[in-house]
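Encoded as structure tokens, the structure appears first; notes follow it.
The values are calculated or read from the model by the stated rules, or taken from the named source; none is laboratory data. Everything numeric here is computed off the predicted structure, so don't read it as measured data. A quick note on method: Cβ atoms are made from the backbone with ideal geometry, for glycine too, and the neighbour counts reach across all protein chains shown. All accessible areas refer to the heavy atoms of the entire protein, side chains included, with ligands and DNA or RNA removed. Shrake-Rupley method; radii C 1.70, N 1.55, O 1.52, S 1.80 Å.
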Amino acid sequence: MALQLRFLEGEVEYEVDDWFISQLREMPTDIGIDIAKQIDWNADFLPMQSGWSQIFAGVVTKTNPPVYFTVEFVRQPEENTIYLDLEFIDSDEYLDYYNLNKTLQSNGNSNTHKEDKADLRRT
């Protein structure tokens, strides 16, 4: 599995599988960019689970109709989060993830600094 690293201020935050990147590139640009922003926004807040991948759902609300998707990732203590897969889903499946409290949070403002994220996530 080939991974691309994302660096911010000299530290690796997460890794992205090539398959994941190719899926983003195949999407309409506005949807792919919004999903990428949501993934970046949530990277520090996803739950850790040793040895298992997890799936969270998200929604792109800037389109009409909204676009629902899932993100598969691995996040273990003291390791980088690795994003593995991305799939489109319907609104019913999104609501199932919502009811399980397994949804990505929208960043609201793509220009928000990381230091401000914790405050915004609490609101």
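Here are the numbers for this structure:
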{"item": "Hits in segment 31-77 - residues which are assigned to a loop (DSSP other than H, G, I, E, B) and open to solvent by less than 20 Å² (accessible area, probe 1.4 Å)", "result": "ALA43, LEU46"}
{"item": "Scan of segment 60-93 for residues that are under 21 Å from ASP30 (Cβ atoms), touching a residue at least 40 places away in the same chain (Cβ under 8 Å) and β-branched (Val, Ile, Thr), ordered by number", "result": "THR61"}
{"item": "Residue, nearest to GLY51 (Cα to Cα), within segment 83-113, restricted to residues that are modelled with pLDDT under 90 and under 15 Å from the mean Cα position of the chain (by Cα)", "result": "GLN105"}
